[in-house]
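Read the structure below first, then the notes.
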Amino acid sequence: MRFALKNAAALMLAAATILSAPAASAFTTGERPAARNGDVVQIAQQKMPARQFWRTKVRLQTNEEPGTIIVDTNNKYLYYVQGKNRAVRYGIGVGREGFGWSGVVKVQRKAEWPGWTPPKEMIARERKKGHILPAFQEGGIDNPLGARALYLYKGKSDSGFRIHGTNQPWTIGQNMSSGCIRMMNKDVEHLYNQAAIGTKVIVIGPGNRQGDVSFDDRGIDFLRTLFGG
């Protein structure tokens with residue numbers, strides 16, 4: 001019994017150390033997207049979102065299959081289901097008022113350092129504000145789509161929405177986009193490497209068009225956080 005108590009105390013101390021320690025690995029203090037075309041990319045330190053929106057391994061109860069993405073636009077979280085009671089939770093930025101949406105879609109295309117073609121409606125809307133948007137912008141660290149993009153389709157039709165990175169990490173946790181799901185570059189790179197073409201994406205938001213979906217976030221998975229897996 002004494003040995004078990006010592007082990008439990010040690011585990012709790014290690015967990016507390018991880019939660020109070022300076023950010024490292026997944027918890028970095030600035031954007032650090034991968035270099036492109038072999039070039040060394042220098043990225044300035046940028047203001048980060050609140051810690052609650054940093055990438056975290058959580059205990060998630062859901063009846064959705066492993067490999068499913070659940071987007072909770074109300075709480076600004078995206079979950080990648082890994083198995084029974086296992087998921088990775090990412091902080092996200094979502095559509096501002098009037099641009100929110102819901103539904104079930106699939107990832108049908110993926111791109112590294114994607115180019116950006118602003119919708120005509122956006123170009124017209126921004127022009128009225130005095131902002132001139134390009135008809136097309138090449139991919140790169142200054143591109144609004146960030147380091148990676150997952151293109152969301154409804155059947156064979158492009159929904160026009162993406163899960164993508166951002167060069168404005170401080171917007172994570174806010175309603176800022178025109179309907180796309182934005183992530184920190186290091187997080188969208190992490191998701192990009194896991195989510196395959198055909199991945200089911202459930203977006204929970206205005207209109208409840210996603211139908212019934214069961215999930216319960218039980219918080220940090222201490223054992224996986226400490227020992228991996």
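What's the Cα-based Rg to Rh of region 182-221, Rh via Kirkwood?
Working: Rg = 13.1 Å, Rh = 12.9 Å.
Looking at region 182-221, the ratio lands at 1.02.
In debye, nearest 20, what is the charge dipole magnitude of region 50-227 about its Cα centre with +1 on Lys and Arg Cβ and -1 on Asp and Glu Cβ, if you could check?
Dipole magnitude for region 50-227 comes out near 20 debye.
Give, as a single signed number, the net charge of other residues whose beta carbon lies under 10 Å from the beta carbon of residue 104, with Lys and Arg counted +1 and Asp and Glu -1.
In short, +4.
Which lysines, on any chain, are close to residue 120 with Cα under 17 Å apart, when same-chain ones fewer than 8 places away are left out?
By straight Cα distance, residue 120 reaches 128, 129.
Can you bin region 50-227 into rounded, prolate or oblate? Criterion: square roots of the alpha carbon gyration tensor eigenvalues sorted a ≥ b ≥ c, rounded for a/c under 1.5, prolate for a/b above b/c, oblate for the rest. Before the final figure, lay out each step's value.
Details: a/c = 1.77, a/b = 1.58, b/c = 1.12.
Because a/c hits 1.5 or more and a/b exceeds b/c, region 50-227 counts as prolate.
Which order, highest average first, do 163-174, 191-202 follow once you tally other Cβ atoms within 10 Å for each residue and take the mean per peptide?
Descending packing order for the listed peptides: 163-174, 191-202.
I'd like the FRET efficiency for residue 226 and residue 142, computed as 1/(1 + (r/R0)^6) with the beta carbon distance as r and R0 of 35 Å, rounded to 0.05.
For R0 = 35 Å, the calculated efficiency reads 0.40.
For region 92-229, build the charge dipole from Cβ charges (+1 Lys, Arg; -1 Asp, Glu) around the Cα centre, then report which of 141, 203, 170 sits farthest towards its positive end.
203
Would you kindly state how much longer the chain becomes between residue 111 and residue 51 on full extension, computed as 0.36 nm times their sequence separation minus their alpha carbon distance, in nm to one decimal?
That pair, residue 111 and residue 51, stretches by 18.8 nm at full extension.
Arranged by the count of other C-beta atoms within 10 angstrom, fewest first, what order do 133, 226, 145 take? Can you show the working numbers first?
Values: 133 17, 226 14, 145 23.
Taking fewest neighbouring Cβ atoms as first place, the list is 226, 133, 145.
Most exposed first by the Cβ proxy, i.e. fewest other Cβ within 10 Å, how do 71, 94 rank?
Fewest-to-most ranking of 71, 94: 71, 94.
Just want the ordering: 72, 158, 212, from fewest to most Cβ atoms lying within 10 Å of their own Cβ.
212, 158, 72
Could you list which residues have their amide H under 5 Å from that of residue 174, counting only those 5 or more apart in sequence or on another chain, with H placed in the peptide plane?
94
Where a number appears in this text, it was derived from the coordinates with a stated rule and is not lab data. The structure presented is a predicted model; accordingly, all values stated were derived computationally and were not measured. No Cβ is skipped: glycine too gets one built from the backbone with ideal geometry, and neighbour counts run over all protein chains shown.
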